[in-house]
Amino acid sequence: PSLCSSLPLKEKLQALQCHFTWDFEIRDKVDAAHILHTVALRVAHTPYPNQAVFLAMKAYLCHLQGRYEDALQSLREAEEFLHRDHPGNVPRQALVIYGNYAWIYYHLAHYDVVERYLDQVSQICRSLNSRSPYAALIPEVHAHKGWSLLATGFRHGQQATECFQRALAEDEANGEYLAGSVIAAYALWTHLKEAKEKLGDIIQKQPHNYEAKVYLAQLIKKGDRGQAEALLEDVQNSRDPEVLRYAAKFFQAEFPDKRIPILQRAISLDPTYHLLYYDLGVCYKQQLAVANMGRREEILAAGTEAFKMAVQKDPPSVFAKLALAEMLGEKTPGYQEEIYLNLMSEVSTLSKRCQQAVYLHWGDFLLYKRESLPEAAEMYKAGFAIPDKYLERPQLRSRLQEVAEK
């Protein structure tokens with residue numbers, strides 16, 4: 001204990017198990033803002049008693065944005081949920097939350113309060129006979145990390161799977177951990193047979209778990225389209241805009257007419273969510289590609305409006321601006337060019353993927369609308385020189401080959 005108390009605060013904080021010591025690969029400010037929105041949706045609609053998990057995650061994201069008062073308020077709400085949902089198990093459930101409190105007060109230079117939270121953590125760890133004075137690797141902490149990883153994107157499916165497996169190793173009958181492990185398996189897109197069976201089990205026990213239903217529908221749509229569509233029909237009763245967004249994705253490009261009403265309902269439930277407008281715009285773009293002359297004007301107007309709303313709700317969104325530019329370019333190429341020039345003026349501040357996308361779209365404009373081969377080639381080269389392998393890179397390569405042939 002004397003050694004622990006003599007450690008610098010930062011070293012004690014780095015020993016904690018909480019969002020500040022876990023690595024989420026949150027790519028940039030746009031990514032953080034998007035995750036913050038989806039985390040708020042999870043707090044409102046999660047079918048499991050884990051709102052506190054997402055509120056603790058929200059606190060961490062608010063800290064990334066420099067919103068410390070909001071971060072503290074989120075942790076206070078998380079504590080309220082713990083006392084409501086886990087009254088007999090608050091200390092174990094609160095370890096991550098106390099860790100987040102300590103880090104946030106550290107950033108605010110309230111070191112006396114930091115010490116107070118570290119003391120609370122070390123008391124809980126002592127009561128659990130943990131080897132570390134500031135961390136206890138218990139199921140509650142593993143599950144907390146697993147849900148948080150899934151909330152930042154399915155790209156973390158492998159890590160999340162490992163977290164839930166550790167939690168289940170000590171508490172194998174816990175329904176919330178089982179659900180987390182199944183969603184993580186779905187995210188990995190491995191063990192699909194097992195994921196199908198377990199999703200089916202969850203749905204039997206929780207008939208209103210629309211998230212589980214939308215994932216199962218995706219898994220079985222090739223093998224049993226009828227059953228998948230029946231699940232999708234029921235999912236449309238959900239009031240969770242993110243679940244409805246997933247439901248709309250089920251129909252993909254071939255059926256924009258089926259996707260549009262689902263997205264419109266999601267927008268009516270959350271008119272602030274930019275990705276709903278973006279996905280709606282994509283549907284109109286797909287309709288436009290096959291529309292007869294009689295309907296083009298109407299579809300073009302609807303698509304332009306959807307992408308305008310996506311930009312309005314999320315002004316930093318580069319992809320919404322690029323999509324809007326294409327729509328505007330159908331009638332007013334000058335407006336399309338204006339968006340590209342604005343994006344080019346700030347291209348050095350954008351993420352690598354956004355940079356590739358801007359160079360690709362501006363290059364296409366120069367090649368196909370301005371018919372300026374050398375300028376287009378320069379843009380494609382600049383985009384291709386960014387080594388990160390995003391979807392845009394193969395397109396940049398093929399454009400360079402096209403320009404070389406010409």
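What's the number of the condition GLY223 fails, among (1) of a type outside the set (Ser, Thr, Tyr); (2) in contact with a Phe, Trp or Tyr (Cβ under 7 Å, 6 or more places away or on another chain); (3) not in a helix (DSSP H, G or I)?
The failed condition is (2).
Return the residues of the range 365-391 that are of a type in the set (A, V, I, L, M) and either part of a helix (DSSP H, G or I) or closer than 21 Å to GLU330 by Cα (or both); say none if nothing qualifies.
At the first step, the residues of the range 365-391 found to be of a type in the set (A, V, I, L, M) are 366-367, 373, 376-377, 379, 382, 385-386, 391.
The answer is LEU366, LEU367, LEU373, ALA376, ALA377, MET379, ALA382.
Report yes if some residue within the range 272-286 is among the acidic types (Asp, Glu), within 30 Å of LYS331 (Cα to Cα) and under 24 Å from the mean Cα position of the chain (by Cα); otherwise report no. Full working, then the answer.
Here is the first cut: in the range 272-286, the residues among the acidic types (Asp, Glu) are 279.
From what's left, within 30 Å of LYS331 (Cα to Cα): 279.
Adding the requirement that they be under 24 Å from the mean Cα position of the chain (by Cα) leaves 279.
The answer is yes; a qualifying residue exists.
Yes or no: the range 137-159 includes at least one residue that is surrounded by 24 or more Cβ atoms within 10 Å (Cβ to Cβ) and in contact with a Pro (Cβ under 7 Å, 6 or more places away or on another chain).
No: the range 137-159 contains no residue that is surrounded by 24 or more Cβ atoms within 10 Å (Cβ to Cβ) and in contact with a Pro (Cβ under 7 Å, 6 or more places away or on another chain).
Sort out which residues of the range 202-216 are out of contact with any Phe, Trp or Tyr (no Cβ under 6 Å at 6 or more places or on another chain) and not charged (D, E, K, R), and write them in order of number.
First pass over the range 202-216, keeping only residues out of contact with any Phe, Trp or Tyr (no Cβ under 6 Å at 6 or more places or on another chain): 202-213, 216.
Of everything in the range 202-216, those that are out of contact with any Phe, Trp or Tyr (no Cβ under 6 Å at 6 or more places or on another chain) and not charged (D, E, K, R) turn out to be ILE202, ILE203, GLN204, GLN206, PRO207, HIS208, ASN209, TYR210, ALA212, LEU216.
Are there helices (runs of 4 or more DSSP H) fully within the range 72-159 with at least 1 residues that are of a type in the set (A, V, I, L, M) and within 24 Å of the chain's Cα centre (by Cα)? List them.
On the way: elements: 90-107, 111-127, 139-151.
Where helices (runs of 4 or more DSSP H) fall fully within the range 72-159 and carry at least 1 residues being of a type in the set (A, V, I, L, M) and within 24 Å of the chain's Cα centre (by Cα), they are 90-107, 139-151.
Tell me which of these ARG393 doesn't satisfy, since it passes every other one: (1) in contact with a Lys or Arg (Cβ under 9 Å, 6 or more places away or on another chain); (2) over 26 Å from ILE299 (Cβ atoms).
Just one mismatch for ARG393, condition (1).
Any read-out appearing in this document is the output of simple, stated calculations on the displayed coordinates, not a laboratory observation. These numbers were taken from a predicted model, which means no experiment stands behind them. Every residue, glycine as well, gets a Cβ built from its backbone with ideal geometry; the counts of neighbours run over all protein chains shown.
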